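One structure is given here, and the rest of the page talks about it.
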Amino acid sequence: MKRVLFLQSQTFFGADSAIHAQLMQHLNHDEVEVHVACNRRQDANVAMTALERIQQIKGIKVRPTEFGPTVFSRPLWERLWMSLTQGPLVPLHLLALAAYIKREGIQVIHGTEKPRDAFYGVLLGKLTGAKSVIHMHVRYANWLSPTVRWALRNADAVVGVSAFVSKTVVEAGIPAERVHTVVNALDTYDSTWEPRTDAAEVRAEFGIAPDAVLIGVCSRLFRWKGQKELIEAVSRLLPQVPQVHLMIVGEDDSRANPGGGSFCEELKAQVAQLGMTDKVTFTGFRRDIPRLMNAFDIYAMPSFEEPLGMVYLEAMALGKPVVAYNNGGVPEVVENHLTGFLTEPYDIDALAHSLLTLVSNPGRRKQMGAAARERVLRESTPEQMCSRMELVYRAVLTGCRETEAIPAVKLEAQ
């Protein structure tokens, strides 16, 4: 029996938390005993508080834990104040968690690349003798904090959510034998990602014509997600196929554009300048993403160097063909010319051509959408992800790796 402790230092239940929750739920509990040290504080967005979400998972042991304050994106004065008033208690909480690890016989500590997860996980491993695993949901880059980079150098294993992410870690100098790849899965066991029959209701809600070909994108609004390029590509379609409509779902991510103003307003200005106001719908933040996505005819997100892109798996599970850039981790989930079209980054003409091919050919859309859903159900299951993660645990505990290491290939973009 392997005993694994997941660290959830964030109060917010984000996309990475959802992947870890799948692992917590679907790991073979006859072979892996799952423990979770979860931040005990309530998130500002109460509905997305991690502790409440994780406590709903059956068959695991949850330890509410104080991880100290998060200082990310806070002004300097606030960071200093929080460090002075709350920071001194952190070592005591970590020592208490270390005692729990020793008492419960924890063998593996599993966290994300978030600063507290990564740093505390490696530190606790060194204090207790447990092995530390850092699960990378982003590519390695210089913007990672010094504590995260130290943790990555000292962890017993680093797991990339795609071969692309893993290669960036190896290229950064982390020994290839310690770097593993476990591609994310999509839990399709409930009805969330089943194709629905209420697409007409969504179109009526937003005043979109029933016969419009609806292209959609769901993402935080910031430059690297490609909404600006998508708007430009759609504008080039309209003279040939005026029945096209674009829906942009999401809100500004101020953390990704600090001091840069509203990217959403920038996009709206672009739409107005191109004379597309009646052809583009901005929904803002929504909680019913599967419902909206189900109403799309095409899912298009030309994101730059997406680590993997769970949203592509979600769209594919709903039977939607995908249009995206041929970079990052996207080619690992979207098969070009089979489940969608992949174009070279920033080639707007090629992006527009791919969209036009699908807009003007309903049969091709249906064929690709069916292939997309079949691929997700066949190759992106939680059981497959968990089996691969168990191989990582076995490797760090026995020193015997059963999967091939990622070669240290120089990447073009740093």
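Got a sec? Which helices (runs of 4 or more DSSP H) wholly within the range 208-307 have at least 1 residues that are aliphatic (A, V, I, L, M) and closer than 19 Å to Asn326 by Cα? Walk me through how you get there before you give the answer.
On the way: elements: 227-237, 263-273, 289-294.
So the answer is 227-237.
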Task: The one condition in (1) surrounded by fewer than 18 Cβ atoms within 10 Å (Cβ to Cβ); (2) in contact with a Lys or Arg (Cβ under 7 Å, 6 or more places away or on another chain) that Val249 fails to fulfil - done: (1)
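Table: residues versus (1) among the charged types (D, E, K, R); (2) in contact with a Gly (Cβ under 9 Å, 6 or more places away or on another chain); (3) in contact (Cβ under 8 Å) with a residue 12 or more places away in the chain.
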{"site": "Gly319", "(1), (2), (3)": "no, yes, yes"}
{"site": "Leu338", "(1), (2), (3)": "no, no, yes"}
{"site": "Val359", "(1), (2), (3)": "no, no, yes"}
{"site": "Arg373", "(1), (2), (3)": "yes, yes, yes"}
{"site": "Glu390", "(1), (2), (3)": "yes, no, yes"}
{"site": "Cys400", "(1), (2), (3)": "no, no, no"}
- [ ] Out of the residues in the range 12-39 that are in contact with a helix residue (DSSP H, G or I) (Cβ under 6 Å, 6 or more places away or on another chain) and assigned to a loop (DSSP other than H, G, I, E, B), state the one that is surrounded by the most Cβ atoms within 10 Å (Cβ to Cβ).
- [x] Leu27
TODO: Evaluate the following for Asn361: is it surrounded by fewer than 22 Cβ atoms within 10 Å (Cβ to Cβ) and under 20 Å from Phe304 (Cα atoms)?
DONE: no
Open item on the list: Can you pull out every residue in the range 117-156 that is crowded, with 24+ Cβ neighbours inside 10 Å and under 20 Å from the mean Cα position of the chain (by Cα)?
Closed with: Asp117, Ala118, Val133, Ile134, His135, Met136, Arg139, Tyr140
TODO: Scan the range 197-206 and give yes if some residue there is more than 26 Å from Pro345 (Cβ to Cβ) and in a loop (DSSP other than H, G, I, E, B), otherwise no.
DONE: yes
- [ ] Residues being surrounded by fewer than 22 Cβ atoms within 10 Å (Cβ to Cβ), β-branched (Val, Ile, Thr) and within 24 Å of the chain's Cα centre (by Cα): count how many of those fall in the range 175-220.
- [x] 3
Task: Single residue of the range 308-325 satisfying the filter (part of a helix (DSSP H, G or I) and either in contact with a Cys (Cβ under 7 Å, 6 or more places away or on another chain) or not hydrophobic (A, V, I, L, M, F, W, C) (or both)) that is nearest to Ala350 (Cα to Cα) - done: Tyr312
TODO: Look through Ala371, Ala405, Ala395 and report the one residue that is surrounded by fewer than 22 Cβ atoms within 10 Å (Cβ to Cβ) and modelled with pLDDT under 95.
DONE: Ala405
Open item on the list: For the condition modelled with pLDDT under 95 and closer than 14 Å to Gln8 by Cα, what is the one hit in Thr85, Thr112, Thr70?
Closed with: Thr70
Open item on the list: I'm told Glu177 meets every condition in (1) more than 30 Å from Met389 (Cβ to Cβ); (2) part of a helix (DSSP H, G or I); (3) not hydrophobic (A, V, I, L, M, F, W, C) except one. Can you identify the failing condition by its number?
Closed with: (1)
Task: Of all residues in the range 285-328 being of a type outside the set (S, T, N, Q) and touching an Asp or Glu at 6+ places or on another chain (Cβ under 6 Å), the one that is surrounded by the fewest Cβ atoms within 10 Å (Cβ to Cβ) - done: Phe285
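The values are calculated or read from the model by the stated rules, or taken from the named source; none is laboratory data. From a predicted model like this one, the values you see are computed outputs, not experimental measurements. Positions of Cβ are generated from backbone atoms using ideal geometry, with glycine treated the same way; all protein chains shown enter the neighbour counts.
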